[in-house]
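One structure coming up, written as structure tokens, with questions to follow.
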Amino acid sequence: MSHNDNDHLLGEQIEYYRARAGEYDDWFLRRDRYDRGPQLNQQWFDEVEQVRQALHAFRPAGDVLEFASGTGLWTEQLLPHASHITAVDAAAETIALNQARVRSERVQYVLADIFTWQPPRQYDVVFFGFWLSHVPVERFAPFWELVRKALKPAGRVFFVDSRYEPTSTALDHRLEQPQSTTSTRKLKDGRTYQIVKIFYEPHQLETRLAQLGWHVDVQQTAHYYIFGAGNLSAS
């Protein structure tokens, strides 16, 4: 993919999440098009709880930076541990929903494109939920360099993302093949968008991060999620 094609795709990705803001929680809460019935819904929520417990055991304390903070589903999980959260997102619509959900003076919201934003200081923890899969292959290393710049010397990182699982998406949507790096997404009103979507296997991701100087333990739940925690390797 050329640089111009990459920029166009990332622009369309931002527009998609702006347009989807009001529908986003339907996916996470298994409502409407995402309702897969009691058994699969319960499996989903059980695995969400597994990730939440891992995050709470990690204890994202201190000054926390959250990339792609979205509607606040994970911001509210960070808040019991963090002294302050800087929540960065490229969509004003999701920031508004986040503010309405979290309602905390300890959260500072920043409207910015993560690929061009620069951290004003260093943080104790960097967190991102369902963001890494939307980073193009060509920007993987630069993104992790941004994370490195954002962290204090002893800082830590935690992330959660999607496994390749056909029942994770809407009933009227089919996932592309797992090796694909893009996905076509449809909104309730029928509008379609192209976005970046890359599915990682834990060992593959650990190895790639180790090559960039990170020590990250990446795990997976039974069907729906991968999650990782770690820090920069000692030099």
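Bear in mind these aren't lab numbers, they're just calculated from the coordinates by the rules spelled out. What you see is a predicted model; the values in this text were computed from it and never measured. Ideal geometry is used to build each Cβ from the backbone, glycine not excepted, and the neighbour counts take in all protein chains shown.
What percent do you get for the relative contact order of the chain when only Cα pairs under 8 Å and 6+ apart count?
So the answer I get is 20 percent.
Please give the net charge around ALA90, taking every other residue with its beta carbon less than 11 angstrom from that of ALA90, where Lys and Arg add +1 and Asp and Glu add -1.
Details: positive: ARG18; negative: GLU15, ASP89, GLU93, ASP113.
Charge balance in the 11 Å sphere: -3.
For region 1-91, what class follows from the C-alpha gyration tensor (a ≥ b ≥ c being the square roots of its eigenvalues): rounded when a/c is under 1.5, otherwise prolate if a/b is larger than b/c, else oblate?
Details: a/c = 2.19, a/b = 1.14, b/c = 1.93.
Because a/c hits 1.5 or more and a/b fails to exceed b/c, region 1-91 counts as oblate.
Counting only other residues whose beta carbon sits under 13 Å from that of LEU232, what net charge do I get with K and R as +1, D and E as -1?
Overall, the nearby charge balance is +3.
Would you calculate the volume per residue, in Å³, of the smallest convex hull containing every Cα atom of region 3-232?
Measuring per residue, one finds 118 Å³ for the Cα hull of region 3-232.
Treating only the Cα positions of region 83-157 as identical point scatterers, give the base-10 log of I(q)/I(0) from the Debye formula at each q in 0.24, 0.28 Å⁻¹.
Calculated log10 I(q)/I(0) at the listed q: -1.31, -1.49.
Report the Cα centroid-to-centroid distance between region 36-74 and region 161-211 in angstrom, as an integer.
Cα centroid to Cα centroid, the span is 18 Å.
Still on this structure, I have one more. Return the percentage of antiparallel bridges among DSSP beta bridges fully within the chain, rounded to the nearest 5 %.
Values: 18 of 39 bridges.
If I count the DSSP bridges inside the chain, around 45 percent turn out antiparallel.
Moving to a separate point now. Dipole size in debye (nearest 20) for the chain around its Cα centre, Lys and Arg Cβ +1, Asp and Glu Cβ -1?
With only Lys, Arg, Asp and Glu charged at Cβ, the dipole is about 260 debye.
Project the alpha carbons of region 76-118 onto their principal axes and report the range along each, largest first, in whole Å.
Its Cα atoms span 29, 21, 15 Å along the three principal axes.
Springs between alpha-carbon atoms under 10 Å, Gaussian network over the chain: tell me which of ALA61, ALA100, ALA90 tops the mean-square fluctuations.
The residue that fluctuates most here is ALA100.
Need one number: nm distance between label points at GLU93 and LEU40, each 7 Å from Cα along Cα→Cβ, rounded to one decimal.
Here the answer is 2.5 nm between the modelled labels.
In nm, give the distance between the simple-model label positions of ARG18 and ASP189, each being 7 Å from the Cα along the Cα-to-Cβ direction.
1.3 nm
Which of the helices in the chain, when you take each full DSSP H run, stretch at least 24 Å along the axis at their Cα atoms and have an average Kyte-Doolittle score of -0.5 or higher?
none
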